[in-house]
There are 4 protein chains.
Amino acid sequence: METLRIGVIGLGRLGRIHTTNLIQHVPEAKVKTLADPRVDETKKWAERLGDFEITANWQDVLEDPEIDAVVIASPTTLHGEMLKAAVKAKKHVFMEKPLAHNLETARELYKNLKDTGVKIQIAFNRRFDHNFRKVKDFIDSGELGEIHLIRTTSRDPHLPDIEFVKKSGGIFFDFMIHEFDTARFLTGSEVVEVYAGGSVLLDPRIGEAGDFDTAYAILKMENGAICAIDVSRKTTYGYDQRVEVFGSKGSARAENDRETNVIVSTEAAVCSDKPLYYFPQRYMQSFANEIRAFVESVLEDKDVSAGVEAGYYSILVARAADISAKENRSVKIAELI
Amino acid sequence: METLRIGVIGLGRLGRIHTTNLIQHVPEAKVKTLADPRVDETKKWAERLGDFEITANWQDVLEDPEIDAVVIASPTTLHGEMLKAAVKAKKHVFMEKPLAHNLETARELYKNLKDTGVKIQIAFNRRFDHNFRKVKDFIDSGELGEIHLIRTTSRDPHLPDIEFVKKSGGIFFDFMIHEFDTARFLTGSEVVEVYAGGSVLLDPRIGEAGDFDTAYAILKMENGAICAIDVSRKTTYGYDQRVEVFGSKGSARAENDRETNVIVSTEAAVCSDKPLYYFPQRYMQSFANEIRAFVESVLEDKDVSAGVEAGYYSILVARAADISAKENRSVKIAELI
Amino acid sequence: METLRIGVIGLGRLGRIHTTNLIQHVPEAKVKTLADPRVDETKKWAERLGDFEITANWQDVLEDPEIDAVVIASPTTLHGEMLKAAVKAKKHVFMEKPLAHNLETARELYKNLKDTGVKIQIAFNRRFDHNFRKVKDFIDSGELGEIHLIRTTSRDPHLPDIEFVKKSGGIFFDFMIHEFDTARFLTGSEVVEVYAGGSVLLDPRIGEAGDFDTAYAILKMENGAICAIDVSRKTTYGYDQRVEVFGSKGSARAENDRETNVIVSTEAAVCSDKPLYYFPQRYMQSFANEIRAFVESVLEDKDVSAGVEAGYYSILVARAADISAKENRSVKIAELI
Amino acid sequence: METLRIGVIGLGRLGRIHTTNLIQHVPEAKVKTLADPRVDETKKWAERLGDFEITANWQDVLEDPEIDAVVIASPTTLHGEMLKAAVKAKKHVFMEKPLAHNLETARELYKNLKDTGVKIQIAFNRRFDHNFRKVKDFIDSGELGEIHLIRTTSRDPHLPDIEFVKKSGGIFFDFMIHEFDTARFLTGSEVVEVYAGGSVLLDPRIGEAGDFDTAYAILKMENGAICAIDVSRKTTYGYDQRVEVFGSKGSARAENDRETNVIVSTEAAVCSDKPLYYFPQRYMQSFANEIRAFVESVLEDKDVSAGVEAGYYSILVARAADISAKENRSVKIAELI
């Protein structure tokens, strides 16, 4: 196969980002079909990008023998059904995270789909971020020695809509799940135990919805490493996304990206730019990298970086964190498998 | 009172640092007597600093009516007895941390000594460090808003002697106690609950001694703030001492001090100095600041920054952390009071 | 006019960058024709980007009434002839720097073309770089006060081919010309006097060719500001491109961009990434910005940022620097006008 | 000799700094006598530091056979006479810069004093600054290769008194002289040619006094290296003292020191401390280092780092810069020898 023919299912914000990246940055891919119930909107948006088949019916994509792979960027509740159907139709799948909206569905998908002949990649884009990847490179090169401690911080620049919070599944499933995948990615080890919790410090309506806006977790990894996570739903200074890995031979830290490297010194202070505002700015490049990696995995028959097991295990850890927070106790992953 | 006349009890490493600082940096103080069983050694060391009375008997200092205040830098097991005797003799006291070698003694001292007429300052020197103090200033000024998250890291440049570890009381009492005081100092709030634990990743003999070499704790503060702590007994790159405070209006981070601000760019990389090697380098200035502050507190009758209650509460948190780690559960401070 | 129809003349490295940027980042532009004597090569390269008319004859572009504007990225010796023909044909022009290969041609173009009805933009891309632009923003906002001193550094990551050096016109025309434009851009003032010189420290063949590989210049600006420039043909650590502007109220510095913001601490040192390797990495975004700005200037009838006068004056300063270095004396720009 | 017995001549600001440093940081030195016409003031100041002989007459110090070395910190116009007398009396001399108030006196001193049996150290304290010394270490280790370019900046935090400016000898003698010595110190090579000049941008009264407040110089070194200097009499953001050395293998930059390493991120910006305010803060440690080095040089019979030739050559370069600025031409040092 020289060119990967792709159908995109779901043309919301991320579906559009993936489509644009395929067209502009992945010459080995050809986007053939766009499927979204909002046909007119999709048509209008796609016009300036090229000629595509546009359909309201996602099954059309799976039935098309000229399509090799699908991008699934639909609402989370549809993920399971679509993924199973795609695999059945022998399409390779690039799917937005999370794998599923609850642990049970995720577990079932994991058990049934871990050994199919198709490639399935879950869009944990931070694995493809230049900063996180460089930290991983330092780990893999052995320069940091054995990994002892990991600290990650994730803080959004503004509060989410309260209606979104109510349907989100909670801060561990919706937000901290990235950190859970990062811990597995960086250590190359499994989480065995979780202690997690949170506070409502930003908006009481988040507490009324049964969720936290500020949260933490301690993950104990199989290899003895400890991962300390803290997150917040809101900063005043932009998107704060950092990780530090401390090992027996050294430490590597990924600091935030900024728009410029200008330093201004005045009577008041010495100042530099704030971090990039939010994920479309901060992770722009990682989105292109991850979908390019997916296309390469299929064309060159290589393993994907985050497969269905990454999708499943991150949900497993999120569930453990949720129980830990509710029962104020340490929860072993083994309890949930 | 214009000059504070001082006797120093215990002329080990820290006793000598305090004595030298009093002589060189605190003109309002006059060191009159040095008490240490190692009389000859002490005489020889003190020679170049001036004329002092030197005695093997610490009670001599308390009985001398020309002495206003004492510095206690003796072994921890003697702290309780000496402190009580000094207060009884109406001497002001500057005492090395920790307040006592166990919670019971600390509690008794706290109950009996919290309202005496003398000043008692426990030597939590980080409160007087230029970096930590600047972070505190940002908190106090309101620039950070309400405090939501605190992250502190403390990592030593080399492993302690294994014999020291055996007698140290464990990593929570000996090492992380600084972080516990820092959490109280920065938030101005009390710890209400602790979850802590650790791993043995550096030296199996530390595990055999019943201790950890790598440890973490989550502190929940009365005001809702969360403090995430991680510590390690050994880095390869110097003394790593950082704190970050995240609040509703902003964040302040204290980075490590380095010997120079030179940046060298070569084919290999762009590099700068490592952090200062260890506490005598990193906290040198804070030692002078804390003892100067003590002398001022007495002469100007002002409150000390870290009194007997700071000594007691830090031990309370250390005990809670110890129980938490042993029983793998969250421990409420109220259980221990 | 809603869409700007463009012909590109010269499809070497920069012609291709501009073409790609027009297609991918400037939806208001439509590239219609590509003109280059290497027709087959150009066809092959252009294939994956879309459908274009491809011609060996640059005059075809000017004669096409359906073309509104041209990008000229041909060899410098052809610049003058093409520019005059394009203006005569009433095409707007985006032209690679330098304006001309000698001062006489540049002066003639400047005198004849400064008041034509078409837009002419010279590709001084640093004016569109995020870092340089941010420094300019600080100047324009008044935060730096009046400008007193400017320091710029430009250092390439590797030596140019010696054959290139021989035909380049010398380090002031080929290399430092960017700094000359930067000085005018940042201060908004004209150069009145130049003192310049250089050394041969990297490769004796550069000296044999009558050129320097390491050079400096002091520019005195009409408003009293002083600009100190140093350049080198070769570093070991990447592309070093910095500027500092010091004014009566403060200073702004643009530091180098790096691939990641990861900091690694080991026993050896605390290190970060080297600067981005060379101009295609460092100035990638500025190339897109400058051509987008050109298209906007035409469509919205706004002034361009670097017109034919910027092309002329930078060459004037380069000539003054060249004389200064050869005669080891300060040269007034007025001598050359 | 085990202890160096010292007399201090001139107890103004720097004389006091040197005296205090000798007492607190140089145990091998013993300050015996303080000479200053302001006897009462000197007595009062010295009281808390110990017992000294105090005299109004500087010759007393030279006649005292129990004094081995003198610190001369008197007004510059007295330097020549005192230095010659001290050498005649066979006292080692630590002398404040500059060596003399004009080139003729400096030349005479250099010719007559370069080969006496006593140690003479001129107080070019930057040679003993931790940052500048680290840059020098990188040069000496060969890590930077051959030195091609040096850039230094020196900017004061506030304007000097206009009366001081009138008597100062001008910005090249009074201010930029440090940079001239730094260039010689770092390159280990002599200046062969100077081009210098300046502007009056801060205060017209400085121009009326025949001086500049903003100045620059290009130094060409014997080994081909180029040194670009810029200075300003006033910043809004503290004392700005930086140097960058660029060589064939790499570059080393000394950035400013700051009071803390705290970074604060708010809605407005990400800010850190301003540079230390002025030389007593910034160079405090270098003053102690330089006088300790002097005492060691005498006691261990080692060469001093900045001898009478450093004093002379820096004045030679200052004079060349002065002529260059007045005549707007490049000046060869050979013209002045």
Inspect all residues belonging to region A:260-272 and state whether any of them is in the same structural domain as A:LYS332 (by TED's automatic domain parsing) and modelled with pLDDT under 95. yes
How about region C:37-95: which of its residues are of a type in the set (Gly, Ala, Ser) and within 27 Å of C:LEU109 (Cα to Cα)? C:ALA56, C:ALA69, C:ALA73, C:SER74, C:GLY80, C:ALA85, C:ALA86, C:ALA89
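Where residues in region A:34-60 are assigned to a helix (DSSP H, G or I) and out of contact with any Leu (no Cβ under 9 Å at 6 or more places or on another chain), which of them is nearest to A:TYR283 (Cα to Cα)?
Kept after step one, since they are assigned to a helix (DSSP H, G or I), are these residues of region A:34-60: A:39-49, A:58-60.
Pick out the ones that are also out of contact with any Leu (no Cβ under 9 Å at 6 or more places or on another chain) and you get A:39-40, A:44, A:47-49, A:59-60.
On the way: A:VAL39: 28, A:ASP40: 29, A:LYS44: 26, A:GLU47: 25, A:ARG48: 24, A:LEU49: 22, A:GLN59: 31, A:ASP60: 31 Å.
Result: A:LEU49.
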Conditions first: (1) out of contact with any Gly (no Cβ under 9 Å at 6 or more places or on another chain); (2) surrounded by fewer than 22 Cβ atoms within 10 Å (Cβ to Cβ); (3) away from chain D (no Cβ under 14 Å); (4) hydroxyl-bearing (Ser, Thr, Tyr). B:THR260 passes all but one, so which condition is the exception? (3)
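Give region D:249-277 a look and list any residue that's within 18 Å of A:ALA269 (Cβ to Cβ) and in a strand (DSSP E or B), or say none. Show your work before the answer.
As a first pass, look at region D:249-277 and keep what is within 18 Å of A:ALA269 (Cβ to Cβ): D:255-277.
D:ARG258, D:VAL262, D:ILE263, D:VAL264, D:SER265, D:THR266, D:VAL270, D:CYS271, D:SER272, D:PRO275 - these are the residues of region D:249-277 that are within 18 Å of A:ALA269 (Cβ to Cβ) and in a strand (DSSP E or B).
Within region C:21-36, work out how many residues are out of contact with any Ser or Thr (no Cβ under 9 Å at 6 or more places or on another chain) and within 19 Å of C:ILE67 (Cβ to Cβ).
Here is the first cut: in region C:21-36, the residues out of contact with any Ser or Thr (no Cβ under 9 Å at 6 or more places or on another chain) are C:21-26, C:32.
Of the ones still in play, those that are also within 19 Å of C:ILE67 (Cβ to Cβ) are C:21-23, C:26, C:32.
The number of residues fulfilling the criteria is 5.
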Residue that is within 23 Å of the chain's Cα centre (by Cα), away from every other protein chain (no Cβ under 14 Å) and modelled with pLDDT of 95 or more, where the choices are A:ALA254, A:ALA318: A:ALA318
Could you tell me which numbered condition A:THR236 fails, if it satisfies all but one of (1) within 14 Å of chain C (Cβ to nearest Cβ); (2) of a type in the set (Ser, Thr, Tyr); (3) touching a Pro at 6+ places or on another chain (Cβ under 9 Å)? (1)
Which number in (1) surrounded by 19 or more Cβ atoms within 10 Å (Cβ to Cβ); (2) away from chain A (no Cβ under 14 Å); (3) modelled with pLDDT of 95 or more marks the one condition that C:GLN59 misses? (1)
Consider A:VAL31 against the criteria (1) modelled with pLDDT of 95 or more; (2) outside any strand (DSSP E or B): it satisfies all of them except one. Which criterion is unmet? (2)
Consider only pairs whose beta carbons are under 7 Å apart and that are at least six residues apart or on different chains; among these, list those whose first residue lies in region C:101-130 and is more than 11 Å from C:VAL308 (Cα to Cα) and whose second residue is assigned to a helix (DSSP H, G or I) and among the basic types (Lys, Arg). C:LEU103/C:ARG319
Selection count where residues are out of contact with any Cys (no Cβ under 9 Å at 6 or more places or on another chain), under 16 Å from C:ASP322 (Cβ atoms) and of a type outside the set (Ser, Thr, Tyr), scope region C:200-220: 9
Output the residue which, of all residues in region D:263-278 that are surrounded by 17 or more Cβ atoms within 10 Å (Cβ to Cβ) and under 31 Å from the mean Cα position of the chain (by Cα), is farthest from the other protein chains (Cβ to nearest Cβ). D:LEU276
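Would you point out the residue of region D:24-46, among those that are aliphatic (A, V, I, L, M) and crowded, with 17+ Cβ neighbours inside 10 Å, that is farthest from the other protein chains (Cβ to nearest Cβ)? I'd like the intermediate steps shown before the answer.
From region D:24-46, those aliphatic (A, V, I, L, M) are D:26, D:29, D:31, D:34-35, D:39, D:46; that's our starting set.
Of the ones still in play, those that are also crowded, with 17+ Cβ neighbours inside 10 Å are D:26, D:29, D:31, D:34-35, D:46.
Details: D:VAL26: 12, D:ALA29: 12, D:VAL31: 15, D:LEU34: 19, D:ALA35: 25, D:ALA46: 13 Å.
Checked region D:24-46; the qualifying residue farthest from the other protein chains (Cβ to nearest Cβ) is D:ALA35.
Would you check if there is a residue in region C:153-162 being of a type in the set (D, E, K, R), touching a helix residue (DSSP H, G or I) at 6+ places or on another chain (Cβ under 6 Å) and buried (at least 21 other Cβ atoms within 10 Å of the Cβ)? Before you say what the answer is, go through the steps one by one.
Just the residues of region C:153-162 that are of a type in the set (D, E, K, R), to begin with: C:155-156, C:161.
This time we only want the ones that are touching a helix residue (DSSP H, G or I) at 6+ places or on another chain (Cβ under 6 Å), so: none.
Looking through region C:153-162, none of the residues is of a type in the set (D, E, K, R), touching a helix residue (DSSP H, G or I) at 6+ places or on another chain (Cβ under 6 Å) and buried (at least 21 other Cβ atoms within 10 Å of the Cβ).
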Restricted to region C:178-212, and to residues that are out of contact with any Phe, Trp or Tyr (no Cβ under 8 Å at 6 or more places or on another chain) and within 9 Å of another protein chain (Cβ to nearest Cβ), which residue is surrounded by the most Cβ atoms within 10 Å (Cβ to Cβ)? C:LEU201
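Out of A:PHE132, A:PHE138, which single residue is under 30 Å from B:ARG151 (Cα atoms) and either away from chain C (no Cβ under 14 Å) or within 14 Å of the chain's Cα centre (by Cα) (or both)? Break it down into steps so the answer makes sense when it comes.
Numbers: A:PHE138 fails: either away from chain C (no Cβ under 14 Å) or within 14 Å of the chain's Cα centre (by Cα) (or both).
Criteria check complete, one pass: A:PHE132.
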Total residues in region A:2-30, condition under 19 Å from A:VAL87 (Cα atoms) and of a type in the set (A, V, I, L, M, F, W, C): 4
Which one of these is on the phi > 0 side of the Ramachandran plot and in contact with a Lys or Arg (Cβ under 9 Å, 6 or more places away or on another chain): C:GLY169, C:GLY145, C:GLY117? C:GLY145
Identify all residues within region C:223-232 that are under 14 Å from D:SER251 (Cα atoms) and either away from chain B (no Cβ under 14 Å) or free of Cβ contacts under 8 Å to residues at least 60 places away in the same chain (or both); write none if there are none. C:ASP230, C:VAL231
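Taking helices (runs of 4 or more DSSP H) that do not extend beyond region A:143-248, which have at least 3 residues that are of a type in the set (Val, Ile, Thr)? Quick ask: steps written out before the conclusion?
Values: elements: A:162-167, A:171-174, A:177-187, A:204-208.
Once the helices (runs of 4 or more DSSP H) in region A:143-248 are filtered for at least 3 residues that are of a type in the set (Val, Ile, Thr), what remains is A:177-187.
The values are calculated or read from the model by the stated rules, or taken from the named source; none is laboratory data. Just so we're clear, the structure is a prediction, and the values are computed from it rather than from any experiment. A quick note on method: Cβ atoms are made from the backbone with ideal geometry, for glycine too, and the neighbour counts reach across all protein chains shown.
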